[in-house]
Amino acid sequence: MADGVVYVDMDAFYVSCELLRHPELKGRPVAVSADPRGGQGRGVVLSASYEARRYGLRSALPVSQAWALCPEAAYLRPDFSFYEETSRQVMALLRERSSLARAFSIDEAAYPTGFEGRAQAEREGRAVQAEILERFLLPCSVGIAPNLTLAKMASDRAKPGGVVVVLLEEVPEFLAPLPVRSVPGVGPVTERALLARQVRTIRELTLLSPRELKTLLGSSNPDIVRMARGESTESPWPEEEGPRSVGSMSTFDMDTEDADALSRELRSLATRVAEEVKRRGLRFRTVTLRVRYEDFSQVQRSQTLPRPTDAFDALCRVGEGLLGELLRERRGSPAPLGPAPVLRVPRRIRTLSLTVQGLREVPAGERPLEGFLSGPPVAGEPPDHEA
């Protein structure tokens with residue numbers, strides 16, 4: 001019997017959840033997004049039905065562009081609490097099949113299995129698909145392969161609604177024609193560098209010399225090459241991880257340069273983040289503020305604290321400090337002995353996002369930490385500039 005992994009990827013999950021409440025929209029282009037406001041709306045598409053994708057709608061597309069491509073689509077506001085509860089129910093079902101089932105995101109999960117040959121593996125994939133569909137009326141795609149990375153790649157090839165099985169002896173044939181972007185760890189920058197060298201497929205990637213790989217991939221070279229060859233880069237079965245971050249984002253109705261409005265919105269974001277951190281029984285150590293400008297360029301600033309905390313006031317103070325630092329940098333630093341500058345924004349801001357990382361569970365019975373800002377902070381993470 002061969003060991004393998006069953007990877008379950010829910011199809012257009014947010015949209016599929018909404019269709020449970022709006023069955024009259026089945027078969028129509030549907031997007032879960034911000035309000036398009038007749039093409040003048042802010043924000044982005046979070047999920048698009050496969051009918052909508054035929055018009056070019058996709059995740060992260062500005063909703064104004066989505067409206068221009070498909071004004072006849074149904075644009076629904078997100079209900080994250082509903083999606084999270086539905087995800088928990090699907091996860092509970094998978095844990096009935098295997099106590100080792102692990103969730104990797106709100107709409108992806110996997111569990112280890114054993115099977116003898118393709119027919120048995122396909123039966124397992126079809127069975128879990130049918131059970132999710134019968135119990136929750138939700139579609140999913142399933143990939144089954146010798147390790148987690150390969151099973152994830154197989155589930156991508158199974159979309160929408162299919163089952164793809166990759167046996168150990170089939171791994172090279174399965175991987176060879178896939179585009180290099182299919183390899184986990186190959187992002188847009190690495191993909192552009194590979195395409196510039198006429199490296200389009202995984203087969204072409206594996207034929208590069210060690211020197212070429214090091215030049216193109218840098219320190220990520222070993223893991224990416226191993227994954228491109230179908231070799232496992234994870235432990236036999238990874239431990240379940242807690243949340244890596246908690247955050248909240250706001251898109252302004254109109255691009256703004258009003259520092260008071262930015263400060264008010266920052267406090268609102270901090271309120272939501274702090275409430276979610278406390279609800280989950282967590283503390284954070286790193287605070288990250290991200291700004292998207294009117295031209296869609298982005299910049300972020302982070303600060304890592306000496307000790308974990310869950311204090312709202314502390315989160316606000318750090319966030320406001322990061323915002324002030326960012327805005328002063330955009331304006332230009334004042335002379336050391338000159339008057340204090342008037343805080344203003346040289347370019348209008350479209351989106352503000354506040355996220356906490358370095359999460360730790362609060363030990364049972366331990367009281368929240370206070371006064372953690374009394375000492376100097378640990379050096380923050382380097383800023384990230386994203387075009």
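The values are calculated or read from the model by the stated rules, or taken from the named source; none is laboratory data. This is a predicted model, so every value here is computed, not measured. Cβ coordinates were reconstructed from backbone atoms using ideal geometry, including for glycine residues, and neighbour counts include every protein chain displayed.
The figures follow:
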quantity	calculated
Odd one out for A52 among (1) surrounded by 14 or more Cβ atoms within 10 Å (Cβ to Cβ); (2) within 19 Å of the chain's Cα centre (by Cα); (3) among the small types (G, A, S)	(2)
Selection from segment 69-87 of residues that are modelled with pLDDT of 90 or more and farther than 17 Å from V30 by Cβ	E85, S87
Segments classed as helices (runs of 4 or more DSSP H), wholly inside segment 142-233, with at least 3 members that are outside the structural domain of Q129 (by TED's automatic domain parsing) and either buried (at least 20 other Cβ atoms within 10 Å of the Cβ) or at pLDDT below 90 (or both)	188-196, 202-206, 210-217, 221-228
Filtered residues of segment 254-268 (kept if farther than 30 Å from R280 by Cβ and charged (D, E, K, R))	D255, E257, D258, D260
Top-ranked residue of segment 105-128 - restricted to ones that are under 20 Å from V15 (Cα atoms) and buried (at least 20 other Cβ atoms within 10 Å of the Cβ), ranked as farthest from the chain's Cα centre (by Cα)	A109
Unique residue being closer than 30 Å to S64 by Cα, in contact (Cβ under 8 Å) with a residue 24 or more places away in the chain and in a strand (DSSP E or B) when the list is V291, V273	V291
Any pair with Cβ under 8 angstrom, 6 or more apart, that starts in segment 129-156 at a residue that is in contact (Cβ under 8 Å) with a residue 40 or more places away in the chain and more than 11 Å from V6 (Cα to Cα) and ends at one that is of a type in the set (G, A, S) and part of a helix (DSSP H, G or I)	L138/S16; P139/S16; D156/S182
Per-region count, segment 130-141, residues surrounded by fewer than 24 Cβ atoms within 10 Å (Cβ to Cβ) and not in a loop (DSSP other than H, G, I, E, B)	8
Conditions (1) closer than 23 Å to S250 by Cβ; (2) among the hydroxyl-bearing types (S, T, Y); (3) touching a strand residue (DSSP E or B) at 6+ places or on another chain (Cβ under 8 Å); (4) free of Cβ contacts under 8 Å to residues at least 60 places away in the same chain; number of the one not met by S49	(1)
Scope segment 91-116; condition closer than 15 Å to L138 by Cβ, touching a strand residue (DSSP E or B) at 6+ places or on another chain (Cβ under 7 Å) and assigned to a helix (DSSP H, G or I); matching residues	M91, L94
Residue pairs meeting the criteria (Cβ under 9 Å; at least 6 apart or on separate chains; first more than 22 Å from C17 (Cα to Cα) and assigned by TED's automatic domain parsing to the domain that holds V32, in segment 57-76; second modelled with pLDDT of 95 or more and in a helix (DSSP H, G or I))	L69/A52
Conditions (1) within 18 Å of the chain's Cα centre (by Cα); (2) surrounded by fewer than 19 Cβ atoms within 10 Å (Cβ to Cβ); (3) in contact (Cβ under 8 Å) with a residue 40 or more places away in the chain; number of the one not met by S33	(2)
Qualifying positions in segment 242-270 - in contact (Cβ under 8 Å) with a residue 40 or more places away in the chain and among the hydroxyl-bearing types (S, T, Y)	S245, S248, S250, T251, T256, S263
Search result, residues across segment 11-30 that are of a type in the set (D, E), out of contact with any Cys (no Cβ under 7 Å at 6 or more places or on another chain) and surrounded by fewer than 23 Cβ atoms within 10 Å (Cβ to Cβ)	E24
